[in-house]
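What follows is calculated from the coordinates using simple rules that are stated; it is not laboratory data. Since this is a predicted model, take the numbers as computed values, not measurements. Note: ideal-geometry Cβ built from the backbone for every residue, glycine included; neighbour counts use all protein chains shown.
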Amino acid sequence: MKEECGVAGIILPDDRPQSNAVAFKLYYALYALQHRGQESTGIMVHDGTSPKSIKGMGLVPDVYNKESLGRLIGNAGIGHVRYSTTGGSKIENCQPFVLNFKGGTVAIAHNGNLVNARKLKDELENEGRIFISDSDTEVIGHLLVKELIKHDPIESIKTVMRKLIGSYSLVLFINGAVYAVRDPFGFKPLCFGEVDGGYGIFSESVAIDTLNGTLIRDVRPGEVIVFPGSSFESYQLTAESHPAHCVFEFIYFARPDSIIDGKLVYKVRERIGRELAREYHVDADIISPVPDSGITSAIGYARESGIMYLEGLMKNRYIGRTFILPGQDLRETAVRLKMNAIQDNVKGRRVVLVDDSIVRGTTSRRIIDMVRKAGASEVHARVGSPAIIAPCYLGIDMATRQELIASDKTTKEVEGLINADSLGFLSIEGLMRALECDRNDMCVGCLTGEYPVEIPGEKCRKKQTRLDDFSKTKSSSQAVSSDSL
Ligand code: AMP
């Protein structure tokens with residue numbers, strides 16, 4: 001199962017009287033992360049004696065209310081927003097997972113996708129363990145509890161990390177402390193900051209902004225940070241550092257006002273637009289974004305090309321992402337419901353439409369037809385990502401290879417299918433310039449079909465030597481305290 005999610009955790013200093021402040025803060029943080037998952041959400045807070053949770057299907061404002069949140073007393077808590085592909089849409093999969101065991105309480109909020117979840121689950125089931133969900137997060141929970149019965153939390157997390165293959169940005173609650181864990185490749189984002197005298201750990205920095213906190217930094221690939229209350233300690237579990245951050249977070253998924261791995265997403269997208277303008281110039285009258293995802297790149301394209309930026313399309317702001325609707329028919333209706341052309345702005349004009357990505361191609365085809373119908377004389381499509389040719393196994397819901405319009409077609413063929421006068425996909429080199437980083441430090445599996453981890457039936461671009469390094473360095477893991485920062 002593929003999951004796109006947002007995670008959150010907050011802990012206030014131990015001397016603070018127990019209150020519902022953490023529950024309300026988690027609510028606002030999850031609201032800020034709503035774009036990362038709209039299917040279900042959950043919050044767990046702990047008051048030192050027992051956990052209390054609220055979970056539900058739907059959006060953050062629909063699942064919680066003042067009364068229910070008000071009852072969640074406790075100065076440490078974690079939360080989650082989830083969106084998965086169809087099939088996994090049920091309350092049992094809703095996170096955080098809370099496990100009460102002989103040694104206390106563990107709660108887990110996970111963003112990512114384990115490639116070896118099936119194998120690990122089989123092993124656990126053979127040992128007699130029972131699962132209530134089909135989510136790989138529960139696998140992490142069982143593995144963790146097995147270790148916690150024998151070892152301390154850091155040792156236990158290390159042992160579990162060694163078993164996991166795939167992407168995982170985790171926020172954990174274990175017996176009074178909150179932990180941030182990021183996989184050795186740092187696929188999915190995770191950062192932390194100071195929030196109301198305590199600490200907050202979130203998928204994206206916009207949650208820290210919302211809570212009027214201060215971003216401290218990203219959690220590093222292979223890092224475990226423990227937050228006992230008014231301080232934190234870091235354990236770096238890998239010696240080597242060759243990250244493989246997800247490019248699609250920068251292209252589409254993250255909010256543009258977030259800072260991820262030290263980069264403001266807005267700036268990256270603006271540079272993507274500039275690179276596109278350099279790579280695919282065309283004489284045109286206006287540059288129009290496909291709202292909202294194409295706005296920042298369209299601004300960059302217009303600035304670089306000197307062609308007027310003018311909105312040719314308007315979006316109905318009360319409609320969620322079209323992707324969320326199951327079935328092709330419903331998706332196509334949703335595109336029409338979602339977007340409308342502004343006739344006066346496009347009539348008789350040569351229009352460049354800038355969007356962040358083409359996945360199945362449904363949206364582009366519909367939108368281009370819409371702009372033509374509104375009177376545009378030419379419609380040129382410019383896409384802020386290279387062609388997506390392969391599925392994502394690491395946490396972005398990207399459709400199957402067969403569904404991906406560009407997986408087996410040339411740009412010319414896609415151009416014809418979406419009915420554009422011309423089509424330009426940003427090159428991988430252009431994307432790396434916009435990201436200001438090395439291709440080897442990013443996961444570009446969906447763009448090349450080569451993945452940083454071994455996936456059965458797919459090509460692997462670098463071997464997982466990092467996990468060997470990981471075990472070698474385990475005894476020398478150094479704690480860095482918050483005072484030394
Ligand atoms: P389509 O080509 O019709 O599948 O739709 C592509 C559009 O959907 C892009 O312009 C994005 O704005 C958006 N999109 C791309 N990837 C995703 C995703 N993983 N989840 C939801 N929406 C996406």
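The residue 91 and residue 150 beta-carbon pair, evaluated with R₀ = 51 Å, returns a calculated FRET efficiency of approximately 0.95. Using a cut-off of under 20 Å, list every residue of segment 204-236 whose amide N is near the label point 7 Å from the Cα of residue 14 along the Cα-to-beta-carbon line. Backbone N within reach: 225-235.
Loop-located trypsin sites (Lys or Arg not before Pro) across segment 229-275 with a Cβ neighbour count of 11 or fewer within 10 Å are lacking, with loop assigned by DSSP.
With each label modelled as a point 7 angstrom along the Cα→C-beta vector, the residue 123-residue 315 pair spans 4.2 nm.
Just so you know, the Rg over Rh for segment 80-182 is 0.93, from Cα atoms, with Rh as the Kirkwood radius. Contact order for segment 123-186, expressed relative to its length and based on alpha carbon pairs under 8 Å spaced 6+ residues apart, stands at 20 percent. One chain, two ends: residue 459 and residue 49. Fully extended at 0.36 nm per residue, the span grows by 142.8 nm beyond their Cα-Cα distance. Each of 141, 112, 80 was scored by the projection of its Cα onto the charge dipole of segment 74-171, and the greatest displacement toward the positive side belongs to 112; charges sit on the C-beta of Lys, Arg, Asp and Glu. Under a 5 Å amide H cut-off, with hydrogens placed 1.01 Å from N, residue 339 pairs with 316 among residues at least 5 apart or on other chains. The GluC sites (Glu not before Pro) of segment 59-140 that DSSP puts in a loop, and whose beta carbon has at most 15 other beta carbons within 10 Å, are 127.
For the chain, the relative contact order comes to 13 percent (Cα pairs under 8 Å, sequence separation of at least 6).
Computed from phi, the 3J(HN,Hα) profile of segment 452-460 under the Karplus parametrisation 6.51, -1.76, 1.60 (θ = phi - 60°) reads x, 10, 6, 10, x, x, 10, 7, 10 Hz, with x in place of Gly and Pro.
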